Amino acid sequence: MAATNRRLGVGFIGSGSVTSFHLKSWVGVRHADVRGIWSPNRDHSEEAAALARSLSVGDATAFHSIEEMVAAPEIDAIWICGPNHRRIENLEAIVAAREGGAELVGIACEKPLARNVAEGRRMVELVKKAGILHGYLEGQLFSPSLERGRELAWARGAALSGRPYLARATEEHSGPHKPWLWLGELQGGGALNDMMCHALEVGRFLLTKPGAPRSSLKPLKLSAQIASLKWSRPEYAQALRESMGPEVDYAKHPAEDFARGTVTYQDETGQIVIAEATTSWSFVGPGLRLSVEMLGPEYSLVMNSLDSGARLFLSRRVKGKTGEELIQKQDADQGLMPIIGSEAAEYGYESENRHFTEAFLDGRQPELSFEAGLEVTELLMACYLSAEQGRVVNWKPPELDTFVPAVARRAWKPWEGME
């Protein structure tokens, strides 16, 4: 139904770790309640709904189908947070419910919007068919440290010495939690598709003047490299099969666990600026590391998510169950460990969800739309194209609409040509 009395009832598709972060962030969201969860695993749906209720962020119900949830009178908007290979069928179910008379205000979709450009165009086509507001959930743009750092760098540094000309963004950890994320044919690729959607958009965000549209920066060319550095080594490929299942066989069908890309942009005055992005599933450290740099003529901005305000030291005598109590993708349980006070806030979920719920309540189409998500997917596919062909790619390559990375076709053989 249409939202009333400045309250937005939100239903979630998906019940995994991303949905969990969203639910935890909702304690900082006003004027919106989590009212529904759907997942193909009924037990997981019930668990996610119970988490929402325990956090007092909404009287959430586990629904039996997407269509049932969309048609429920308490649901005004849908957050799509399920696996990448289910994006289109999830949205098709929403559109079918809309055609059956269900009312919705908006739809928000987690990154990446799609696994390739053709699927991205289908997502845009479907949301337009639904005729409602839509948003692309790119949480890192809403990190409080990033937002404040960008604001000050532009207000103080750029105002007096000129616009920034170089941005670097990195996301690194030791690998995903779920088997489907390791499988290129399901996820759409490896570390590049999984995480460079964050890093590239962070770079673009930093280099875009506050208040200016995303379109004020025009891509000119890009280059990229991918590699399997760790997880195709025999001992680690074996460990991966044992932990994720026999279908995740990086000795035969690896996905990249390292990727880097460089995009050259031109701003509205003709100046050249560059965004560098690096992503890795082969990082060794306490846990997830997000790092950012921005350089201008007489200033710089630096951020590292592991440089937290608190640290906990645990001696070798402290032994117990492994977990992620301290940090996402936690890789150690002893030594000097960083503590992030509220990961849901620091990673941007909280501010992001306030942004999109308020936009939907106000009837405003967010700039971070499905079209923006499609643009990010186009950049990611162009990076794969560059990496596969070993060349700089001029924007926009005509083959993008039909291009599917070799990693996603189980055809990538990183060891070929290395002898």
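The values are calculated or read from the model by the stated rules, or taken from the named source; none is laboratory data. Note that the coordinates shown come from a computational prediction; the quantities given were computed from them, not determined experimentally. Here the Cβ is made from the backbone with ideal geometry for all residues, glycine too, and neighbour counts use every protein chain on show.
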Keeping to region 32-65, report how many residues are exposed (fewer than 15 other Cβ atoms within 10 Å of the Cβ) and outside any helix (DSSP H, G or I).
6
Considering every residue within region 83-94, establish whether at least one is touching a helix residue (DSSP H, G or I) at 6+ places or on another chain (Cβ under 9 Å) and not in a helix (DSSP H, G or I).
yes
In region 335-363, how many are under 30 Å from K319 (Cβ atoms) and either among the hydrophobic types (A, V, I, L, M, F, W, C) or at pLDDT 95 or above (or both)?
5
Tally up the residues in region 306-325 that are under 30 Å from L206 (Cβ atoms) and either part of a loop (DSSP other than H, G, I, E, B) or not assigned by TED's automatic domain parsing to the domain that holds W154 (or both), please.
5
Of residues in region 154-181 being buried (at least 16 other Cβ atoms within 10 Å of the Cβ) and among the aliphatic types (A, V, I, L, M), the one farthest from K329 (Cα to Cα):
A158
Please give the number of the condition S25 fails out of (1) in contact with a Ser or Thr (Cβ under 6 Å, 6 or more places away or on another chain); (2) crowded, with 20+ Cβ neighbours inside 10 Å; (3) in a helix (DSSP H, G or I); (4) not β-branched (V, I, T).
(1)
What helices (runs of 4 or more DSSP H), lying completely within region 165-247, carry at least 2 residues that are closer than 12 Å to T279 by Cβ, at pLDDT below 95 and not small (G, A, S)?
none
Cross-chain or 6+ apart pairs with Cβ under 6 Å, region 227-240 first and free of Cβ contacts under 8 Å to residues at least 40 places away in the same chain, then of a type outside the set (S, T, N, Q)
Y236/K230; A237/Y250; A237/A251
Before we move on, is S300 surrounded by fewer than 19 Cβ atoms within 10 Å (Cβ to Cβ), over 30 Å from G106 (Cα atoms) and among the small types (G, A, S)?
yes
Would you say P414 is of a type outside the set (F, W, Y), surrounded by 15 or more Cβ atoms within 10 Å (Cβ to Cβ), part of a loop (DSSP other than H, G, I, E, B) and not assigned by TED's automatic domain parsing to the domain that holds A277?
yes
So V392 passes all but one of these: (1) among the β-branched types (V, I, T); (2) touching a Lys or Arg at 6+ places or on another chain (Cβ under 8 Å); (3) free of Cβ contacts under 8 Å to residues at least 60 places away in the same chain. Which condition number does it fail?
(3)
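Can you name the residue in region 355-383 that is outside any helix (DSSP H, G or I) and not small (G, A, S) and is also farthest from the chain's Cα centre (by Cα) among such residues?
R364
Among the acidic types (D, E), closer than 29 Å to V124 by Cβ and buried (at least 21 other Cβ atoms within 10 Å of the Cβ) - does that describe any residue in region 71-88?
Yes, region 71-88 contains a residue that is among the acidic types (D, E), closer than 29 Å to V124 by Cβ and buried (at least 21 other Cβ atoms within 10 Å of the Cβ).
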